[in-house]
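Report on the following structure.
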Amino acid sequence: MTATKPPSRPSVGPTELYKTLPPAFGHDALALFGFNPNYVNLNHGSYGSLALPVRAFCDELTDEVESNPDKFIRIDCIHYWNRVRERVAKLIGVETDECVIVNNTSHGLATVLRNFIFKEGDILVGATTTYGSVYQTLKYIADIPPHPILSTFNLQFPTSRAKIIQDFEEHIKQLTETSDATGARKIVALIDSIASHPGAFLPWREMVAICRKAGVISVIDGAHSIGQEADLNLSEIRPDFWVSNCHKWLFSKRGSAILYVPKRNQHFIKSSIPTPVTYHSPHDSDYQGPQEFVKLFEWTGTIDYVPQLSIGAAMDFREWLGGEHKINAYTHALAIAGGKRLAERLGTDVMDPTGEFTLSMVNVELPLSGDVESTDEVLQIFTHTLILQWQTSAAAFKHNGKWWVRCSTQIWNEISDFDVLANALKDASPIHLHALSSMNSLNDHSFGCSSDNGRHQT
Ligand SMILES: Cc1ncc(COP(=O)(O)O)c(C=O)c1O
């Protein structure tokens, strides 16, 4: 393993730090994060990474909260919260009162999906690449009365953006053309902007346009969007609902996410989850209409608000680094170059040779037979070998009959990190196969709980 000399960490808080020039991207930028000096992190996409200046903001804010919880919660918190909404709204090109802050993408999507009032015959559309728990949410909603039908769009890589658009249009056409006995059938399509496994930037803007034309409601899982996908102008793209984690690619503290609901759709959201005390029930004697969208989300039970409020500090940090385009240009170029390097080292291929699906995550085939079933046990062996033995991390998964690894590139990574990962993966693959064959010989059916889409991982 290549030993990386740890760069010296900033000894000053954000205010002083931001008067200085930021470090060059690459290993010098490790000084801005709290990683163990031996850790080679190529898995930022799973859980995000908290930048030290953002952490310093969180620590200061925690001091302020704890110095007088009543004052903070009853008086000050809402001003911070509204300021964050204002800033994020500008970044994604929408009105402030169309954005609220939620704990994470799962929470935001569950809130949207569970606010629809379905009728028998309504349809939910997911995809084979939909994130595991989100797909389970669709299944759960289909499992409970009035049992909307779940229709799954088959998305297999390698493919092309043009083919996805064409197939999706056809899928939607087939759904809208089938007869609708109830009259006004609702179709809700859950679309990833950037899928998790594989890590792939999907043509979601075109898919939203297809939905709009067909009268289908689009709900966008943008868990990986803010901070990875620049030039988000949601007012122009016009998704019906959109959620993005900020603790992944924007560098805020875990968990923090933005839920965007344009004014035209706010009437769908009757309640946040959990329901707040400010909810208006039509059965209230003084009912004068539903509660305002933003007010529903201001207090949904006691939480630590610091992660949500760190979104503004994360934006300050990114501005100091040079802004969204500079950050994304570096991480994208490294994803392309690093993917090539890893594929060469492993003697395999990248999933997306043209780069059309690649922003800052790249998928490389693993030197494993596709006959090896995807199982929790196998993934555990992989994860443990990388994390515990090699102090590195990237997400292994099985897709379309082959094994792959997804690498996330960040401002602290350099091409040599892919060499560390290559060594670790080469080490893990035989262990994995050996373990698998001995387990298989013990019990032929021990891998029956397999999933082919990496749904157990983030
Ligand atoms: C595409 C996608 N959707 C949803 C999620 C869920 O995010 P969270 O666990 O922060 O709710 C993830 C997490 O990695 C994801 O990759």
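Values quoted throughout were computed directly from the atomic coordinates according to the rules given, and no laboratory measurement underlies them. Nothing here was measured: the structure is a model prediction, and the numbers come from that model. Cβ atoms come from the backbone with ideal geometry, glycine included; neighbour counts cover every protein chain shown.
Below are the figures for this structure:
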read-out: Residue-averaged 222 nm ellipticity for the chain, from DSSP H runs of 4+ at -39500 (n - 2.57), nearest 500; value: -12000 deg cm²/dmol
read-out: Relative contact order of segment 68-316, pairs being alpha-carbon contacts under 8 Å that are 6 or more residues apart, as %; value: 23 percent
read-out: Neighbour-limited loop hits for chymotrypsin sites (Phe, Trp or Tyr not before Pro), segment 286-326 (at most 14 other Cβ within 10 Å; DSSP other than H, G, I, E, B); value: Tyr287
read-out: Distribution of pairwise C-alpha distances over segment 68-316, 10 Å bins, in %; value: 7, 31, 36, 20, 6, 1, 0
read-out: Antiparallel content of DSSP bridges confined to the chain, in %, to 5; value: 55 percent
read-out: Relative contact order (percent, whole number), the chain, Cα cutoff 8 Å, 6+ residue spacing; value: 20 percent
read-out: Ranking of Leu113, Leu232 by count of other Cβ atoms within 10 Å, fewest first; value: Leu113, Leu232
read-out: Relative contact order computed over segment 210-325 (Cα-Cα under 8 Å; 6+ residues apart), in percent; value: 23 percent
read-out: Likely footprinting exposure, Glu169, Glu356, Glu414, fewest C-beta neighbours within 10 Å first; value: Glu356, Glu169, Glu414
read-out: Interatomic Cα distance distribution for the chain, bins of 20 angstrom, percent; value: 24, 55, 21, 1
read-out: Aspartates and glutamates whose Cα lies under 13 Å from that of Lys139, excluding same-chain neighbours fewer than 8 positions away; value: none
read-out: Those lysines that a straight Cα-Cα span of less than 20 Å connects to Lys248, excepting residues fewer than 8 apart in one chain; value: Lys90, Lys326
